[in-house]
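Please treat every number below as a calculation from the coordinates, not as lab data. Fair warning: this is a prediction, and the values are worked out from it, not measured in the lab. FYI the Cβ positions are ideal-geometry reconstructions off the backbone, even for glycines, and counts take in every protein chain you see.
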Amino acid sequence: MRIVVKVGTSTLAYPTGRLNIQRMERLCKTLSDLKNAGHEIILVSSGAIAMGFGKLNLSERPKDMPGKQASAAVGQCELMYVYDKLFTEYNHIVGQLLITAPDIADGGKPEGELPQHDGPPAGAGRAAGHQRERHHLHRGDRRGRQ
């Protein structure tokens, strides 16, 4: 069975932008257990901007686009690092797809097809808040097969 889980910023981080360690650990443990039971897990995650402004020690969430983009750039790295670290404890490999509204506007891509872009990578130059990440868990298969 395919299970899609969407987690928002308030699940992953405190209002300060700092990581909510207990929630992230429980989330990763629960999803790993479901994966071990044979389910396909897709984690859709927000939180990059919050993680970024927390890591950058900013006093509040940025309101301007350059500030949001800078926070998202730093926060996305942090978010993937934490997911990788936590899921590795349960012998699962994570991967990331950045998707934007145009990627899903026409009902999504056919099964197994990745979003294609002629221009810059997905999200480059776009509003940071329009991106969502899909994190796939793979067990013991470093080729990234789904």
- Message: What whole-number distance in Å separates the alpha-carbon centres of segment 62-91 and segment 1-52?
- Response: 12 Å
- Message: Rounded to the nearest 20 debye, what is the charge dipole size of segment 1-93 about its Cα centre when +1 sits on each Lys and Arg Cβ and -1 on each Asp and Glu Cβ?
- Response: 180 debye
- Query: Of all GluC sites (Glu not before Pro) in segment 18-84, which ones are in loop regions per DSSP and have a Cβ with at most 16 other Cβ atoms within 10 Å?
  - Reply: 60
- In straight Cα distance, which lysines are under 28 Å from residue 35, not counting same-chain residues fewer than 8 positions off? 6, 85, 109
- Neighbourhood charge, 14 Å Cβ-Cβ cut-off, centred on residue 25 and excluding it, Lys, Arg +1 and Asp, Glu -1: +1
- Message: Based on alpha-carbon atoms only, what is the radius of gyration of segment 15-68 relative to the globular estimate 2.2 N^0.38 Å?
- Response: 1.48
